[in-house]
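Input: a single structure, listed below in structure tokens.
The values are calculated or read from the model by the stated rules, or taken from the named source; none is laboratory data. These figures come from a predicted structure and were not determined experimentally. Virtual Cβ from ideal backbone geometry, glycine too; neighbours counted across all protein chains shown.
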Amino acid sequence: MSPFNLSLPIAIGCDHAGFDCKEDLISFLEGEGMKFNVFGTYTKEAVDYPDFAHPVSSVVEKGEAAFGILLCGSA
């Protein structure tokens, strides 16, 4: 049994360096029929990671998402 409420969507966010990985993840989740909400970014143009990490963590904290996935270029 999962510790997550999988009736809720997954919250997804990324910076420009995580954009391609986010697109692959979205394709996978769509193929699996899973619900998700994307909080950006929507292009490969340089952005600040916290601008997308904060909304993802906020919906998880509020119980509006099962969990969050954040993708970035940090090693």
Residues that are modelled with pLDDT under 95 and within 16 Å of PRO9 (Cβ to Cβ), drawn from region 36-51: GLY40
So, of the residues in region 42-73 that are of a type in the set (Ser, Thr, Tyr) and closer than 21 Å to PHE4 by Cβ, which turns out to be surrounded by the fewest Cβ atoms within 10 Å (Cβ to Cβ)? SER58
Take the residues in region 28-41 that are touching a strand residue (DSSP E or B) at 6+ places or on another chain (Cβ under 8 Å) and among the hydrophobic types (A, V, I, L, M, F, W, C), then tell me which one is surrounded by the fewest Cβ atoms within 10 Å (Cβ to Cβ). MET34
Residues of region 2-27 being under 13 Å from the mean Cα position of the chain (by Cα) and surrounded by fewer than 16 Cβ atoms within 10 Å (Cβ to Cβ), which ones? ASP20, CYS21, GLU23, ASP24, ILE26, SER27
